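In what follows, a structure is listed as structure tokens, so that the remarks can point back to it.
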Amino acid sequence: MEDLEKKMQNDCDKLEMDTIKVMELLSKLFDSPIETHLTKLTQLGKSNLLVTLAFAINTLSFVLLKINAVNPKNHPVKQELDRCKEYYEKISKMSNNDKRKLTVDQGAAKRFISHALLANPEMKEHIQTERANHQYLDERANDIDVQATEKEEGNDSKKSKALKGQTQSNQVSKKKKKITKK
């Protein structure tokens, strides 16, 4: 029985110390008007601070109900805690969305710029001549690539024929050596 009393006393002392620490932290925040703290923060930071404060106050109320032997699960404080958790999850999702990388749709950007440039008559003529030049150069480059590929394939077939000839002559010389040994 004495062990139970000591354990309860230790738990109560620990709860009291933790409560004092929380009150000290909250008093630093509440020493000045909350608006002074909120003006320094972004919208996301403001939301996070307000939800955290609401959660802390409701958690303290929850603990007080438990200490007074009231079932907090049937009390409206539990609903408020759940609501604070939902808001905290929404804020977390919003902060994660801010961290995602922004990308540019390159195809859309090209279309946007080309349509804007084509609206200018001087640029339209210049762009059309450049496109014709590039198309000619692209076709010429493709022709050169095809010729180079055909040439490489021809060299590869000559090399493979040469290798076949070497292996056949090696096999013949091995057979001759065997016959002469016998």
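All of the numbers you see were taken from the coordinates with simple rules; none came from a lab. Since we're looking at a predicted model, the values are computed, not measured. All Cβ positions, glycine included, derive from the backbone under ideal geometry; neighbour counts span all protein chains shown.
Highest mean first, the peptides 78-85, 113-120, 48-55 sorted by other C-beta atoms within 10 Å per residue fall in the order 48-55, 78-85, 113-120. The local environment of Asp138, defined by Cβ-Cβ distances under 15 Å, has a net charge of -2 under the rule Lys, Arg +1 and Asp, Glu -1. Label positions at Met123 and Gln43, each projected 7 Å from the Cα along the C-beta direction, are separated by 3.3 nm. Computed from the Kirkwood radius of its Cα pairs, the Stokes-Einstein diffusion coefficient for segment 1-145 at 10 °C and 1.306 mPa s stands at 72 µm²/s. Name the residues of segment 67-81 whose amide N is less than 13 Å from a point 7 angstrom out from the Cα of Ile34 along the C-beta direction? Counting backbone N atoms under 13 Å from the label point, the list is empty. Across the options Leu44, Met8, Asn58, the greatest Cα extent toward the positive end of the charge dipole of segment 1-78 (unit charges at beta carbon of Lys, Arg, Asp, Glu) belongs to Leu44.
Calculated FRET efficiency, Arg140 to Lys110, Cβ-Cβ distance, R0 = 25 Å: about 0.60 to the nearest 0.05.
The string of couplings for segment 76-88 from the Karplus curve (6.51, -1.76, 1.60, θ = phi - 60°) is x, 4, 4, 5, 5, 4, 4, 5, 5, 5, 4, 5, 5 Hz, one whole number per residue in order, with x for Gly and Pro. Computed FRET efficiency, Cβ-Cβ of Asn97 and Lys73, R0 30 Å: what is it to the nearest 0.05? According to the calculation, E is roughly 0.35.
Relative contact order of segment 50-122: 30 percent, from C-alpha pairs under 8 Å at least 6 residues apart in sequence. Using Cα centres only, tell me the gap between segment 113-149 and segment 68-99 in whole Å. With segment 113-149 and segment 68-99 each reduced to a Cα centre, they are spaced 60 Å.
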